[in-house]
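I have placed the structure first, in the form of structure tokens, so that the comments after it can refer back to it.
The values are calculated or read from the model by the stated rules, or taken from the named source; none is laboratory data. All values derive from a computational prediction rather than experimental measurement. Note: ideal-geometry Cβ built from the backbone for every residue, glycine included; neighbour counts use all protein chains shown. The protein model used for the area step is the full one, side chains on, heavy atoms only, and it has no ligands, DNA or RNA in it. Shrake-Rupley method; radii C 1.70, N 1.55, O 1.52, S 1.80 Å.
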Amino acid sequence: MMRVNALALRIIQQFLRDRRTLALLLLAPLLILTLMKLVFDGQAVTITMGTAQLPSELSARLDDAGADVRAYDDLESALEDLRKGKLEAVITRQENNQPALTLEGSDPSKSKAVLLLIQNALRGNVSTEALPAVTYLHGSSDMASFDSFGPVLIGFFSFFFVFLLAGVSFLRERTSGTLERLLATPIRRQEIVTGYLVGFGLFALLQATLIAWFSVKVLGLYMTGSIGYMLLINLLLSLTALTLGTLLSSFASSEFQIIQFIPIVIVPQAFFSGLFNLDAMNPWLQKLSIVMPLYYGADAMRGIMIRAEGWADIQQDAYVLLGFSAVFALLNVLALRKHRKL
Amino acid sequence: MSVLQSETVSAEPAVVISGVTRSFGQQRIIDDVSLTIPRGELFGLLGPSGSGKTTLVKLMTGIDKADKGSVSMLGVPLPKLEMLHRFGYMAQSDALYMELSGRQNMMFFGKLYGLNRQSLRQRIDETAALVDLSEHLHKPVTAFSGGMKRRLSLAIALLHQPEVLVLDEPTVGIDPVLRKSVWKELKILAKNGTTVIVTTHVMDEAEKCDRLGLIRDGHLIAVDSPASIIASTGCGSIEEAFIALSQQQRFGGQHDES
Ligand SMILES: Nc1ncnc2c1ncn2[C@@H]1O[C@H](COP(=O)(O)OP(=O)(O)OP(=O)(O)O)[C@@H](O)[C@H]1O
Ligand SMILES: [Mg+2]
């Protein structure tokens, strides 16, 4: 135990001397989350739409629906502005009196917004009583898309930065010769792995707390569940990242090779973690997510933050993450056998 | 404390190596070496660069494992975890934590050897004074010169007062005055019962050892006191004796412990 403490203390001391790395671990996730929030949660986009020979009644409805409507005298000059990128869509009336819509079309999300807007404008015909009353089981009408994938991002950043730092620092231990020196002392292999877990775990906890506090209190991310559970899942995710990072660093011989693990180990996890909807994917491929720690972390984080899930709902995810950490740590103890059999 | 222990079981030699072979890939780096080092000896391992000195001392301590042959330290067959308590090791390349201060490095390694707070503090003061680093302990190791790092590594190896001290080129980059005092200290340690095993390629250091092992291409070509080695070859110095012996080995095929 004394040796584990000594190792953990050493890692903490190293961190405190290396302000830049500490800043990367603690502040970089906050910066990226803020940027994400700004990108995905900015003002509602106004749609600029050109009209040509459109009945004024329809123009007025489009205007009511929120479009910035510009009337043109002839279709050709409207289409010219569409080509120049000044307009998102041009709406006109055909000979048979049917309206015709031309979309700019290079950004599907904008195209969808235009179509939705026109639908809303035309629905004005329907009386309001016919519309259903809407209630939300989870979330609310003003929940933005950032609120939905924010929990996943929080998990992702905890995972990513801890993975990188733990991997690099364990690698350094090997390349600088200190690991060999360490193994010439009576420290046991499992004490090395545990020491790393304790030392880094402390900073992982700090990071998890900071991210959770920042995203809920400062960024105002949608959050209905318990912040304690959120911290717990974040910490478990960091532990998985920590054990995986140190394990994989045994198979790297330079910092650059650690970076090479990012596209292999980190990026696929991001795809399977729920940032993107997987329903369109081949069901067989979807199954791959069961080996991805981030999938469980993201699932639990989403459940806690959006659906206010309690221990009963998240415990399975928590145990799986704990299991991943235990397996990775054990493999790491075995991997150290390469350097010393005892 | 270690000195007292060694007196009670002094029958066992410090290090016994028999028929040890170690290869890296196809290359035999240590080839069927046998060697016995009694307790309390100041033993020098002398040989040119790449001859296998570092590899041999790693095998002696159980840090590395032989492909063939056996190694035992203080009567215990290696590798064994408990034995890691009983020797001090100074690697050829300084394995220090650069961001940490000298004292933090010493505290860390001292705790790994299980020294308690009080004796640790005392030992840090003693060993730091010995290598003349007392005023620099608060500095981060990044601010150390090459020789200062060497001295810090040496101090760390001495911290837990081991029965066997294995030093891989301890005086590289240390100035002549300090080098002299380090050797004086090694002599005192040996006299008090600590077995000191030193690798070197400096001839005048070699002459200060009780016994010398001359190593070349992974073979021990002679093991004897410096005076006897010089006498047996009829040469004027260790340097010449080494050259004469390596020629003999090359043409006569005579090797290992004589
Ligand atoms: N881990 C290793 N893998 C492959 N070859 C190695 C390894 N360690 C040592 N060698 C080889 O073994 C030989 C002896 O190396 P060693 O470090 O023991 O020499 P040395 O006598 O200590 O040299 P120096 O005086 O330069 O320190 C060298 O040829 C070296 O290339
Ligand atoms: Mg060497």
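Within region B:37-57, which residues are within 14 Å of chain A (Cβ to nearest Cβ) and either away from ligand 2 (no atom under 16 Å from the Cβ) or surrounded by fewer than 22 Cβ atoms within 10 Å (Cβ to Cβ) (or both)?
Passing the criteria: B:T54, B:T55.
Give me the residue from region A:157-215 that is farther than 23 Å from B:L84 by Cα and of a type in the set (S, T, Y) and, out of that set, farthest from the other protein chains (Cβ to nearest Cβ).
If we take residues in region A:157-215 being farther than 23 Å from B:L84 by Cα and of a type in the set (S, T, Y), then A:S215 is farthest from the other protein chains (Cβ to nearest Cβ).
Please indicate, with yes or no, whether at least one residue in region B:48-57 is free of Cβ contacts under 8 Å to residues at least 24 places away in the same chain, among the small types (G, A, S) and within 13 Å of ligand 1 (Cβ to nearest atom).
yes
Take B:A143 and decide whether it is away from ligand 1 (no atom under 16 Å from the Cβ), closer than 30 Å to B:Q104 by Cβ and among the small types (G, A, S).
Yes: the conditions hold for B:A143.
Kindly provide the set of residues from region B:108-128 that are in a helix (DSSP H, G or I), open to solvent by less than 60 Å² (accessible area, probe 1.4 Å) and more than 9 Å from every other protein chain (Cβ to nearest Cβ), ordered by number.
The answer is B:S119, B:L120, B:R123, B:I124, B:T127, B:A128.
Count, please, the residues in region A:284-307 that happen to be of a type in the set (V, I, T) and over 24 Å from A:L219 (Cα atoms).
2
Of the residues in region B:63-93, how many are of a type outside the set (A, V, I, L, M) and at the interface with another protein chain (Cβ under 8 Å from one of its Cβ atoms)?
Going through region B:63-93 one residue at a time, the tally reaches 7.
Could you please let me know if B:S34 is within 10 Å of ligand 1 (Cβ to nearest atom) and either open to solvent by less than 50 Å² (accessible area, probe 1.4 Å) or at pLDDT 90 or above (or both)?
No.
With respect to A:A113, determine if the residue is outside any loop (DSSP other than H, G, I, E, B) and in contact (Cβ under 8 Å) with a residue 24 or more places away in the chain.
When the stated conditions are applied, A:A113 passes them.
Per-residue answers, yes or no, for (1) in a loop (DSSP other than H, G, I, E, B); (2) more than 16 Å from ligand 1 (Cβ to nearest atom):
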position	(1), (2)
B:S72	no, yes
B:E82	no, yes
B:S93	yes, no
B:M98	yes, yes
B:M106	no, yes
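Anything in region B:146-156 that is within 16 Å of ligand 1 (Cβ to nearest atom) and either within 14 Å of chain A (Cβ to nearest Cβ) or surrounded by 21 or more Cβ atoms within 10 Å (Cβ to Cβ) (or both)? List them, or say none.
B:R150, B:S153
Would you pick out the residues in region B:157-170 that are under 21 Å from B:I124 (Cβ atoms) and within 16 Å of ligand 2 (Cβ to nearest atom)?
Listed by number, the residues that qualify are B:A157, B:V166, B:L167, B:P170.
Does at least one position in region B:18-26 carry a residue that is touching a helix residue (DSSP H, G or I) at 6+ places or on another chain (Cβ under 9 Å), open to solvent by 20 Å² or more (accessible area, probe 1.4 Å) and away from every other protein chain (no Cβ under 14 Å)?
Checking region B:18-26: at least one residue is touching a helix residue (DSSP H, G or I) at 6+ places or on another chain (Cβ under 9 Å), open to solvent by 20 Å² or more (accessible area, probe 1.4 Å) and away from every other protein chain (no Cβ under 14 Å).
Here are some residues: B:L159, B:L214. Which one is of a type outside the set (S, T, N, Q) and either under 24 Å from B:M83 (Cβ atoms) or away from ligand 1 (no atom under 13 Å from the Cβ) (or both)?
Only one candidate qualifies: B:L159.
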